[in-house]
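Data block below; observations after.
The values are calculated or read from the model by the stated rules, or taken from the named source; none is laboratory data. Treat the numbers as computed from the prediction; the structure is a model and nothing was measured. Neighbour counts run over all protein chains shown; Cβ positions are idealised from the backbone, glycine included. When the accessible area is computed, the model is the full protein with side chains, heavy atoms only, and any ligands, DNA or RNA have been set aside. Shrake-Rupley method; radii C 1.70, N 1.55, O 1.52, S 1.80 Å.
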Amino acid sequence: MANLDHSMTNCLDGLRVVDLTRNLPGPFATRLLADLGAEIIKIEPKNGDPARALGDLFTALNHGKTIEKVDFRDPQGIEAIKAHLKDADVMIDSFRPEVLEGMGLDAETLHALNPKLVMVSITGYGMADDSEVTHDWANKAGHDINFMAMSGVLDQLKTATGEQAMPNIQFADLAGGSDTAVIALLAAVFSAQRTGKGRHVAVSMTHSLYQHMIMPKATGKLVKSFSGKNPKPQHDFLGGLLPCYRLYKTADERYMAVGSLELKFWQGLCEVLELPELKTKHWQMGVMPNTKDSQEAAQVVADTFASHDLAYWQQIFESADVCVTPVLTLEEARAHPLFAHQDEHSATPGWQ
């Protein structure tokens, strides 16, 4: 085979980004841009990014960036930032609305300096205006847990018994903030390159998360159509209601993730588990959730998985193409061949 270069590290060569963000959402966004070849000039306040206190986190997010420190309260510091912005493509910040204006870094001022500049502000709740968006949340403080809570996403994370789960992954910061900001930023840069006009984009982590709930919104209606009521998250179509799409506990208190949503995968699962009598107990064959047949099928599969430990099932399903995988710990994932190409910061790009 030919030796093909699959690297994406030069895709954004020449893109100059001035990064005023701190903590997690903004720095991870610019980390993604840096991994694609963008030049990142990270400007911190004199006392530094608060993430510096976390050591490895700061290094993982900010290696390879040019870092400068300025006094954001000093006019000379603001002028130093403007000097970078004169020939930059992008400025990204994570201040509350109106902070930029207070520093003299508002859109009107900066676009007079650099008409093609794309400004991206990562906010918690978005910016209100005088038309359709009239909420009074724009200036409220918050963190990931608050944005998840207000979007409705946090309530979707329930245990099988209905207890509220506390996530250890910052979905609002990363999916609602970093990833959404990068998409908006690149779209705005593409437009600026064609039109010569930049813009100021406000990314709302809360609204982005709300948009991500496309499945619960749709599947909730589906479950209601045959149950007569809106499902609780743990009883939603993909929330554990189906025998073919749920977590099953093993003998050693670990879990196997069964994603055999389609009939062919479910029937393959039944063959592996030696449960041929369950092959027809599937939603695509009319056995709908919450029916006696569906509940009994789930119990039989649960009892089967509970009869052996995780290592046994991991070996059994290793060669079975039925969408069944072990639930790995972080340490197990880190050591898995899937992540053999991770770098010294335990990071792997999401593209190849």
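Inside segment 170-201, residues that are surrounded by fewer than 17 Cβ atoms within 10 Å (Cβ to Cβ) and either modelled with pLDDT under 95 or touching a Pro at 6+ places or on another chain (Cβ under 6 Å) (or both) make up a count of 0.
If you go through segment 85-127 and keep only what is free of Cβ contacts under 8 Å to residues at least 24 places away in the same chain and among the aliphatic types (A, V, I, L, M), you end up with 99, 100, 112.
Scanning segment 96-131 for residues that are at pLDDT 90 or above, within 26 Å of the chain's Cα centre (by Cα) and surrounded by fewer than 17 Cβ atoms within 10 Å (Cβ to Cβ) yields a count of 0.
Taking each residue of segment 267-295 that is aromatic (Phe, Trp, Tyr) and looking for partners that are part of a loop (DSSP other than H, G, I, E, B) with beta-carbon atoms closer than 9 Å, six or more apart or interchain, yields 283/242; 283/243; 283/244; 283/261; 283/289. Here residue 62 qualifies as under 16 Å from residue 21 (Cα atoms), among the polar types (S, T, N, Q) and surrounded by 13 or more Cβ atoms within 10 Å (Cβ to Cβ). Taking every residue in segment 148-169 that is touching a residue at least 60 places away in the same chain (Cβ under 8 Å) and pairing it with any residue that is open to solvent by 60 Å² or more (accessible area, probe 1.4 Å) and among the charged types (D, E, K, R), at least 6 positions away or on another chain, the pairs with Cβ-Cβ distances below 8 Å are 158/232; 162/232. Selection of segment 296-352 for residues being assigned to a loop (DSSP other than H, G, I, E, B), in contact with a helix residue (DSSP H, G or I) (Cβ under 6 Å, 6 or more places away or on another chain) and aliphatic (A, V, I, L, M) yields 320, 322. Select from segment 244-277 the residues that are part of a loop (DSSP other than H, G, I, E, B) and either among the hydrophobic types (A, V, I, L, M, F, W, C) or modelled with pLDDT under 95 (or both) and write down the one among them that is surrounded by the most Cβ atoms within 10 Å (Cβ to Cβ). Of everything passing the filter in segment 244-277, 244 is surrounded by the most Cβ atoms within 10 Å (Cβ to Cβ).
Yes/no matrix, rows are residues, columns are (1) open to solvent by less than 70 Å² (accessible area, probe 1.4 Å); (2) over 30 Å from residue 228 (Cα atoms):
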position	(1), (2)
281	yes, no
284	no, no
291	yes, no
300	yes, no
313	yes, yes
317	yes, yes
321	no, yes
338	no, yes
